[in-house]
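Comments concern the structure below.
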Amino acid sequence: MAIFPVRFSHKIRKLFSRDALDSFSEHMARWSHPVSARRILDTIDQQALNRIREQYPRHPNSPQINRFEDARYWVSINLKRAQDLWLDRTPRMRILDLGCGSGFFLYICKLFGHDVVGLDRDTNPLFRGTTEFLRVPRIIFDIDPCVPLPDIGEKFDLVTAYRICFQRVGREQPGVWTEWGPAEWKFFLNDIRTRFQKPGGRLLLDFNPRPDGSYFDPEVRGCFEAEGGRFFRSKVLFAADPKVRPRFNQLGPQVDDARESVILRSK
Ligand SMILES: C[S@@+](CC[C@H](N)C(=O)[O-])C[C@H]1O[C@@H](n2cnc3c(N)ncnc32)[C@H](O)[C@@H]1O
């Protein structure tokens, strides 16, 4: 009997937690600005993706998250990513995606009118095939701890890195990795801020869950806090200036209605 009120109050707390409210507001923002995933899918030839996959077969027990040829699945994930940053309604941005993988996120950004470039290591032939197929430009580079990123010769409004792995430096046992600590992260953040972010630019890092369900260890979290990071579940958002609170839903100075991708709107 005593357990019920405790669990109940925990559930109520969870319901009104910051995360839950942020999640609700993300959901509402997507709902109030619907975009048609079907119209995006209509622009992609699934048969062609299947043919690329046939060239590089996946492991039979591979989880859905690794079925990178599955346009329906990856469009739905990446459309949400783009909408959660309001990329469906901001003016044209220059976007750099680190560890861009199959390229679906940048493909959708392109459909919304943004200028994009990915950066990835070239170890996965399927990603080589899909990024070429989706016409997502890609810089080949291995991100290493405390090594500057290559000189791209320009700065970006938005730098993203979804489900990142580059902070894993060595496998201790299956599923358990040695990861970057605060020193490596400080180097990386300083490199991005000084060489890749425009004033007012943002950096979004999105982490894979670790075996214990956390996304980073407490020391790294402390480092991100000290650097002005704003947390939302697996995501951490940084402004170019660590003293400025970054916004997920940042609208640019002028909304270019003519550019808005009308064909993608579902109403
Ligand atoms: C889990 S996949 C995520 C792909 C994509 N961002 C997504 O969310 O679908 C991790 C990506 O990071 C890239 N990657 C991993 N370690 C890297 C490194 N040290 N330097 C550059 N890219 C790396 C992989 O090649 C892969 O594209």
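Here are the numbers for this structure:
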item	result
From phi via Karplus (6.51, -1.76, 1.60), per-residue ³J(HN,Hα) for segment 31-42 in Hz, x at Gly/Pro	5, 7, 10, x, 10, 7, 5, 4, 5, 5, 4, 4
Magnitude of the charge dipole, the chain, Cβ model with Lys/Arg +1 and Asp/Glu -1, debye to 20	920 debye
Fully extended contour minus Cα-Cα distance, from E154 to Q173, at 0.36 nm per residue	2.9 nm
Packing rank of 47-59, 223-235, where each peptide gets the mean count of other beta carbons within 10 Å, highest leading	223-235, 47-59
Alpha-carbon centroids, segment 200-249 and segment 88-151: separation in whole Å	20 Å
Set K80/K243; K110/K186; K80/K198; K155/K243 screened for pairs whose C-alpha atoms are more than 26 Å apart	K80/K243; K110/K186
For the chain, calculated [θ]222 nm from helices alone, where every DSSP H run of n ≥ 4 adds -39500 (n - 2.57)	-11000 deg cm²/dmol
Point-to-point label distance, D115-R92, nm (Cα→Cβ direction, 7 Å offset)	0.7 nm
Residue of K198, K243, K155 that the Gaussian network model of the chain assigns the largest fluctuation, springs spanning Cα pairs under 10 Å	K243
Whole-number D in µm² s⁻¹ for segment 78-264, Kirkwood Cα-pair radius fed into Stokes-Einstein, 20 °C, 1.002 mPa s	125 µm²/s
Share, in percent, of DSSP beta bridges within the chain that are antiparallel, nearest 5	45 percent
Förster radius 25 Å - calculated FRET efficiency between R247 and D142, Cβ distance, rounded to 0.05	0.20
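No value in this document is a laboratory result; all are computed from the given coordinates. Here the structure is a predicted model, which means the values were calculated and not measured. We place every Cβ from the backbone using ideal geometry, glycine too, and count neighbours over all the protein chains shown.
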